[in-house]
Amino acid sequence: MPRLFVSVDLPDRLADAFAAVQDPLRDIESLRVTDPEQAHCTLKFLGDTDEARVGDVTEALEAAVANADVGAFELEVGGLGVFPSTDYVSVIWVGVREGPGAAELTRLAETVERETVSLGFDEADHEFTPHFTLARMDDARGKGRVLEYLNEDPTVGRFEVKEIRLTESTLTSDGPEYGTRARVSL
């Protein structure tokens, strides 16, 4: 059964800038940085999905794009944050700057949520926070340095969002490997 999620992918041309934002994190104990070539903003995590449902999911994503009434839009990636909180850090991320693109991305995520929940997928248990994961924290050894880094305000860059992607995640000993199951143009 494929493990699926819906994403907006950071373009390859911004991978070096993304890696540069990760650089201060690379030598912090207990942190695992993500692969800049696979950076993405998850709109909806679907989880293990029966192969027979992939077509229905793709149709739901097409409906979500139509219902969101969102064309291609510009997005600026920058700023830092953590999940779930600064008291207990498990994920360090770079966010999406405020502006028209942020509102459109949120509207798109909300319509993807509605369409996939109508297919029987679980409703999200948290509010959508647009972000691209920089690193994951295994334990609190480097927490002080992570919290210091949160005072920075790096910018990865701007790009035009032209599509959303239905992505398959295969977990391996070297980390997740992603493959595209479907693309839906905005």
Looking only at region 14-33, which residues are touching a residue at least 60 places away in the same chain (Cβ under 8 Å) and basic (K, R)?
R32
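Answer with yes or no whether S90 is polar (S, T, N, Q) and crowded, with 18+ Cβ neighbours inside 10 Å. First the steps, then the outcome.
On the way: polar (S, T, N, Q): yes; crowded, with 18+ Cβ neighbours inside 10 Å: no.
So S90 fails the test.
Which members of region 68-78 meet the condition of being out of contact with any Phe, Trp or Tyr (no Cβ under 9 Å at 6 or more places or on another chain) and either surrounded by 18 or more Cβ atoms within 10 Å (Cβ to Cβ) or at pLDDT 95 or above (or both)? Steps first, answer last, please.
Residues of region 68-78 that are out of contact with any Phe, Trp or Tyr (no Cβ under 9 Å at 6 or more places or on another chain), as a first pass: 68-73, 78.
Result: A68, V70, A72, F73, G78.
Kindly provide the set of residues from region 111-132 that are surrounded by fewer than 19 Cβ atoms within 10 Å (Cβ to Cβ) and closer than 15 Å to G81 by Cα, ordered by number. Before the answer, list the steps.
Just the residues of region 111-132 that are surrounded by fewer than 19 Cβ atoms within 10 Å (Cβ to Cβ), to begin with: 113-114, 117-120, 122-129.
Once the filter is applied, which keeps residues that are surrounded by fewer than 19 Cβ atoms within 10 Å (Cβ to Cβ) and closer than 15 Å to G81 by Cα, region 111-132 yields E127, F128, T129.
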Would you pick out the residues in region 94-131 that are within 22 Å of L31 (Cβ to Cβ) and in contact with a Phe, Trp or Tyr (Cβ under 6 Å, 6 or more places away or on another chain)?
V94, H131
Only residues in region 37-58 that are within 14 Å of E168 (Cα to Cα) count as the first member; pair them with residues that are of a type in the set (D, E, K, R) and in a helix (DSSP H, G or I), Cβ under 7 angstrom, at least 6 apart or cross-chain, and list the lot.
K44/E113
One residue is enough: does region 78-93 have a residue meeting the conditions part of a strand (DSSP E or B) and among the hydroxyl-bearing types (S, T, Y)?
yes
Residue by residue through region 1-42, note down the ones that are small (G, A, S), touching a Ser or Thr at 6+ places or on another chain (Cβ under 8 Å) and part of a loop (DSSP other than H, G, I, E, B).
A39
Conditions first: (1) under 23 Å from E152 (Cβ atoms); (2) among the polar types (S, T, N, Q); (3) surrounded by fewer than 18 Cβ atoms within 10 Å (Cβ to Cβ). T58 passes all but one, so which condition is the exception?
(1)
Listed by first then second residue, the pairs whose first member lies in region 65-86 and is of a type in the set (S, T, N, Q), whose partner is part of a helix (DSSP H, G or I), with beta carbons under 9 Å and at least 6 positions apart or on separate chains, are N67/T111; N67/R114; N67/E115; T86/K143; T86/V146; T86/L147
Six or more apart or on different chains, Cβ atoms under 7 Å: show the pairs whose first residue is in region 119-142 and within 27 Å of D16 (Cα to Cα) and of a type in the set (S, T, N, Q) and whose second is in a strand (DSSP E or B) and at pLDDT 95 or above.
T133/V91; T133/W93
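Does region 48-70 hold any residues that are assigned to a loop (DSSP other than H, G, I, E, B) and farther than 13 Å from T106 by Cα, and which are they?
T49, D50
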Which condition does A63 not pass, out of (1) in contact with a Lys or Arg (Cβ under 6 Å, 6 or more places away or on another chain); (2) surrounded by fewer than 20 Cβ atoms within 10 Å (Cβ to Cβ); (3) not acidic (D, E), if it passes all the others?
(1)
Quick one: in region 16-55, which of the residues that are of a type in the set (V, I, T) and within 21 Å of A182 (Cα to Cα) is surrounded by the most Cβ atoms within 10 Å (Cβ to Cβ)?
T49
List pairs: first in region 88-101 and within 12 Å of P154 (Cβ to Cβ), second aromatic (F, W, Y), Cβ under 6 Å, 6+ apart or cross-chain?
V94/F132
Boolean, E177 is within 20 Å of M1 (Cβ to Cβ), at pLDDT 95 or above and in contact with a Ser or Thr (Cβ under 8 Å, 6 or more places away or on another chain)
no
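The values are calculated or read from the model by the stated rules, or taken from the named source; none is laboratory data. From a predicted model like this one, the values you see are computed outputs, not experimental measurements. A quick note on method: Cβ atoms are made from the backbone with ideal geometry, for glycine too, and the neighbour counts reach across all protein chains shown.
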